Amino acid sequence: MTATEWITDIALILIVFRQLREDRLDHKTFLLPLGIVAFVAYSYLDSVPTAGNDLVLIAALMAVGAALGIAGGIYTRIRALDGHLLIKAGAASAILWVVGMGARMGFQMWVEHGGGADDVARFSLAHHITSQQAWVSAFVLMALTEVVTRVATIFVRSRALKATRPVAVLDRTA
């Protein structure tokens with residue numbers, strides 16, 4: 001793993017740890033994780049292989065990312081206080097986030113340094129996965145999907161909460 005990969009992976013993990021402390025829900029809540037995954041996608045998604053079962057692998061890992069992201073967004077507490085929305089990632093949300101991001105890091109470490117390259121090559125051959133780029137695309141798109149679905153879930157939940165908050169009525173009789 002390169003220094004850039006370590007930095008981006010750790011930054012994505014730290015985003016949720018930052019949210020373990022309740023804070024105001026604002027634009028940076030959405031833009032920071034989206035910016036990081038946009039950078040990662042730009043850096044690593046030169047192409048998306050479509051031969052053999054590459055798309056099946058990609059779709060499967062994207063589905064895992066979506067499930068983790070939606071669940072993480074659901075297990076993030078959002079509440080209204082003094083006209084502002086506050087956000088706090090619960091333990092379940094943080095665990096799901098670390099599992100998703102950590103799985104990618106762990107897989108990469110296993111393949112590069114843990115002797116997993118031969119196992120992945122055999123699996124790829126047996127399941128018609130045509131290239132290393134298929135694995136890269138699958139894991140990058142898994143992370144991208146996890147981040148986007150988590151952020152989207154939080155956004156939808158925050159809008160729903162905002163819509164149900166009672167509007168202050170001005171007392172015009174005074």
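The values are calculated or read from the model by the stated rules, or taken from the named source; none is laboratory data. These numbers come from a predicted model, not from an experiment. A quick note on method: Cβ atoms are made from the backbone with ideal geometry, for glycine too, and the neighbour counts reach across all protein chains shown. Only protein heavy atoms, including side chains, enter the accessible area calculation; ligands, DNA and RNA are left aside. Shrake-Rupley method; radii C 1.70, N 1.55, O 1.52, S 1.80 Å.
Quick one: how many residues across region 30-55 are assigned to a helix (DSSP H, G or I), touching a residue at least 12 places away in the same chain (Cβ under 8 Å) and of a type in the set (A, V, I, L, M)?
Within region 30-55, residues that are assigned to a helix (DSSP H, G or I), touching a residue at least 12 places away in the same chain (Cβ under 8 Å) and of a type in the set (A, V, I, L, M) number 6.
Output the residue which, of all residues in region 78-97 that are free of Cβ contacts under 8 Å to residues at least 40 places away in the same chain and under 16 Å from Asp26 (Cβ atoms), is most open to solvent (accessible area, probe 1.4 Å).
The qualifying residue most open to solvent (accessible area, probe 1.4 Å) is Asp82.
Restrict the check to region 60-78 and report whether at least one residue is assigned to a loop (DSSP other than H, G, I, E, B), small (Gly, Ala, Ser) and under 30 Å from His127 (Cα atoms).
Among the residues of region 60-78, not one is assigned to a loop (DSSP other than H, G, I, E, B), small (Gly, Ala, Ser) and under 30 Å from His127 (Cα atoms), which makes the answer no.
Of the residues that sit in region 121-135 and are in a helix (DSSP H, G or I) and open to solvent by 60 Å² or more (accessible area, probe 1.4 Å), which one is modelled with the lowest pLDDT?
It comes out as Gln132.
Is it true that Leu96 is within 20 Å of the chain's Cα centre (by Cα), assigned to a helix (DSSP H, G or I) and under 15 Å from Ile15 (Cα atoms)?
Yes, satisfied.
Just give me the residues in region 14-29 being under 12 Å from Ala89 (Cα atoms) and assigned to a helix (DSSP H, G or I), in sequence order.
Leu14, Ile15, Val16, Phe17, Arg18, Thr29
Among the residues of region 1-14 satisfying the criterion of being under 16 Å from the mean Cα position of the chain (by Cα) and touching a residue at least 40 places away in the same chain (Cβ under 8 Å), which is surrounded by the most Cβ atoms within 10 Å (Cβ to Cβ)?
In this case the residue turns out to be Leu12.
Identify, from the list Met101, Met62, Met105, Met109, the residue that is modelled with pLDDT of 90 or more, out of contact with any Cys (no Cβ under 9 Å at 6 or more places or on another chain) and open to solvent by less than 70 Å² (accessible area, probe 1.4 Å).
Result: Met62 is the single residue among Met101, Met62, Met105, Met109 that is modelled with pLDDT of 90 or more, out of contact with any Cys (no Cβ under 9 Å at 6 or more places or on another chain) and open to solvent by less than 70 Å² (accessible area, probe 1.4 Å).
Does any residue of region 45-59 turn out to be open to solvent by less than 70 Å² (accessible area, probe 1.4 Å) and touching a Phe, Trp or Tyr at 6+ places or on another chain (Cβ under 8 Å)?
yes
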